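Heads up: the structure comes next, in structure tokens.
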Ligand code: GRF
């Protein structure tokens with residue numbers, strides 16, 4: 001199976017996918033390309049593993065430029081901490097082939113502005129009893145696509161934005177490879 005991974009940040013989820021492929025947890029898969037929309041450590045991780053990587057500048061023409069770079073044999077496009085918005089046209093070109101990981105229990109705490117610590121802050125302010133991570137299909141509505149896999153955990157009394165971020169990353173490392181396998185098997 002041929003994968004493309006999009007990143008904007010530290011890329012620890014990308015690392016998890018690289019490791020999962022190396023360990024046979026995601027069988028018969030290769031990352032053919034990593035794309036970043038800004039300079040970030042995610043790009044470096046791709047370089048470290050000899051994976052083809054490119055930087056496409058953010059902005060209005062991002063998705064058009066991205067579409068030109070996606071290899072024709074691509075089975076799945078994975079957003080792993082990717083912050084640009086994917087256009088309707090791009091979604092329509094790759095129906096059912098784009099997935100994203102979100103650091104909350106969608107459909108709650110999704111949409112515009114809901115990324116990174118903004119999400120965790122909103123969850124704590126809403127006095128939610130649990131949080132978690134969601135892997136979902138990408139559609140033109142931000143964070144609105146069908147849910148593939150989700151895992152929750154209880155929020156403790158002493159939870160902070162930082163502890164939530166850390167706990168959610170752990171959950172993400174657990175569910176992301178599973179969700180990828182689920183989609184690749186279908
Ligand atoms: C993750 O929490 C993911 O849910 C969100 O961005 C974060 C990326 O972290 N979309 P990393 O770059 O994979 O470490």
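Since every read-out is calculated from the coordinates, none of them should be taken as a lab result. From a predicted model like this one, the values you see are computed outputs, not experimental measurements.
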Exercise. Which value, to two decimals, describes the C-alpha radius of gyration of segment 1-69 once divided by 2.2 N^0.38 Å?
Worked result: 1.10
Exercise. For residue 48 and residue 61 in one chain, what is 0.36 nm times their gap in residues minus the Cα-Cα distance, to one decimal in nm?
Worked result: 1.8 nm
Exercise. If you count the DSSP beta bridges with both ends in the chain, what percent of them are antiparallel, to the nearest 5?
Worked result: 40
Seminar exercise, completed: Taking alpha-carbon centroids only, segment 162-186 lies from segment 1-41 a number of Å equal to 13
Seminar exercise, completed: Unit-weight point scatterers at every alpha-carbon of segment 42-92, Debye formula, q = 0.13, 0.19, 0.29 1/Å: log10 I(q)/I(0) is -0.35, -0.76, -1.45
Exercise. Per-residue ellipticity at 222 nm for the chain, helices alone: DSSP H runs ≥ 4 residues times -39500 (n - 2.57), over residue total, nearest 500 deg cm²/dmol?
Worked result: -11000 deg cm²/dmol
Seminar exercise, completed: If each part is reduced to its alpha-carbon centroid, segment 51-97 and segment 99-114 end up apart, in Å, by 19
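Please compute the Kirkwood hydrodynamic radius of segment 109-179 from all pairs of different C-alpha atoms, in Å with one decimal.
By the Kirkwood definition, the hydrodynamic radius is 12.7 Å.
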Problem set entry | Largest-first ellipsoid semi-axes for segment 67-152, taking √(5λ) over the Cα gyration tensor eigenvalues, angstrom | 26, 12, 10
Seminar exercise, completed: Using eta = 1.567 mPa s and T = 4 °C, Stokes-Einstein with Kirkwood Rh from Cα pairs puts D for segment 2-185, in µm² s⁻¹, at 78
